[in-house]
Amino acid sequence: MTKTPQYTPPKVWTWDQENGGKFASINRPIAGPTHDKALPVGKHPFQLYSLATPNGVKVTVLLEELLALGIREADYDAWLIRIGDGDQFGSGFVEVNPNSKIPALMDHSVTPPQRVFESGAILLYLAERFGKFIPADVSGRTETLSWLFWQMGSAPYLGGGFGHFYAYAPEKFEYPINRFAMEAKRQLDVLDRQLAQHEFIAGTDYTIADIAIWSWYGQLVLGRLYEAAEFLDVESYKHVMRWAKAIDARPAVQRGRMVNRTFGEPALQLHERHDAGDFDTRTQDKIGETA
């Protein structure tokens, strides 16, 4: 292993500069708003404030799946939150999510309007609200929630751990990359063993557990995260790959991953979504008008 200079932590840590890397500007050791900015509110019951990161994709996929079932009450406006510009630190956003992370949801179909933050909580809220994508029986529900919370606990090691040190850190160091690559592969093996025995993560039904896990691990093995597919030898996880491709083929998933997307192929970007027709009539000029 390549040796790196020894770092001695100070007795008391202080924040005196950005820590470097692609997302340095969004990290700080304090909470709360940095500026006053009200959030827009559209015409639909659900107002989503997000960006098409894996955590944001979870929610737009579920909303599109609900709409695909004909549940019109699940219609939504999706407003773009540009985290690189600090939109998540505006006063309006912090009121919806005091943690200043996307996604954040407001449900205006209830009085008073209900805020929901943390992607897993939003998935559970919507699934329970409409009685879809979560089993009704105790055993199935418990299995689904176990895997949903597995994702919430595991993904930080994939994103903030492996993704950061492999793709975004200003310097490459062998120890953290090896440490988190090992953990990422262990997690993929957990999923591969589960999917060897089941069509979907929690059993025979497609649930919010699949949506949550696919948004991170499905997109990883499909080559959409960190340009790390070859490095992690994702093709060796054959059951995960089978599952990931099957979910990726769902029309609602294809729509969901486009919403609030500002990167990648222009044809796959829909910066904001306010009606179902936005998927058909979008052009980059029209998208840019509200972005």
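Details
- Cβ-Cβ contacts under 6 Å between residues 6 or more apart (or on different chains), taken from a first residue in segment 186-209 that is over 21 Å from Ala252 (Cα atoms) to a second residue that is at pLDDT 95 or above and among the polar types (S, T, N, Q), are listed as Gln187/Ser154.
- Residues that are without any contact (Cβ under 8 Å) to a residue 60 or more places away in the chain and either touching a helix residue (DSSP H, G or I) at 6+ places or on another chain (Cβ under 7 Å) or assigned to a helix (DSSP H, G or I) (or both), drawn from segment 114-141: Arg115, Val116, Phe117, Ala121, Tyr125, Glu128, Arg129, Val138, Ser139, Arg141
- So Leu232, is it touching a Gly at 6+ places or on another chain (Cβ under 8 Å), farther than 17 Å from Leu66 by Cβ, in a loop (DSSP other than H, G, I, E, B) and not β-branched (Val, Ile, Thr): no
- Residue selected from segment 173-208 under the condition in a helix (DSSP H, G or I) and touching a Gly at 6+ places or on another chain (Cβ under 7 Å), by the criterion nearest to Leu145 (Cα to Cα): Glu183
- Lone qualifier among Lys37, Lys43, Lys58 - being touching a Leu at 6+ places or on another chain (Cβ under 7 Å) and basic (Lys, Arg): Lys58
- Taken as a whole, the condition of being modelled with pLDDT of 95 or more and among the small types (Gly, Ala, Ser) applies to Gly90.
- Pairs with Cβ under 6 Å, 6+ apart, first in segment 5-23 and more than 15 Å from Ala169 (Cβ to Cβ), second at pLDDT 70 or above and part of a loop (DSSP other than H, G, I, E, B): Trp15/Pro29
- Cross-chain or 6+ apart pairs with Cβ under 9 Å, segment 247-269 first and over 21 Å from Asp210 (Cβ atoms), then among the small types (Gly, Ala, Ser): Thr262/Ala52; Thr262/Ala291; Phe263/Ala52; Gly264/Ala52; Gln269/Ala52
- Some residue of segment 158-166 being loosely packed, with under 14 Cβ neighbours inside 10 Å and of a type outside the set (Val, Ile, Thr): yes
- Residue within segment 142-154 that is among the polar types (S, T, N, Q), surrounded by fewer than 19 Cβ atoms within 10 Å (Cβ to Cβ), out of contact with any Leu (no Cβ under 6 Å at 6 or more places or on another chain) and not in a loop (DSSP other than H, G, I, E, B) present: yes
- When residues of segment 82-130 are limited to those that are aromatic (Phe, Trp, Tyr) and surrounded by fewer than 21 Cβ atoms within 10 Å (Cβ to Cβ), the one farthest from Phe149 (Cα to Cα): Phe89
The values are calculated or read from the model by the stated rules, or taken from the named source; none is laboratory data. All of these numbers come straight from a predicted model, not from anything done at the bench. Methodologically, a virtual Cβ is constructed for each residue, glycine included, from the backbone with ideal geometry; neighbour enumeration extends over all protein chains shown.
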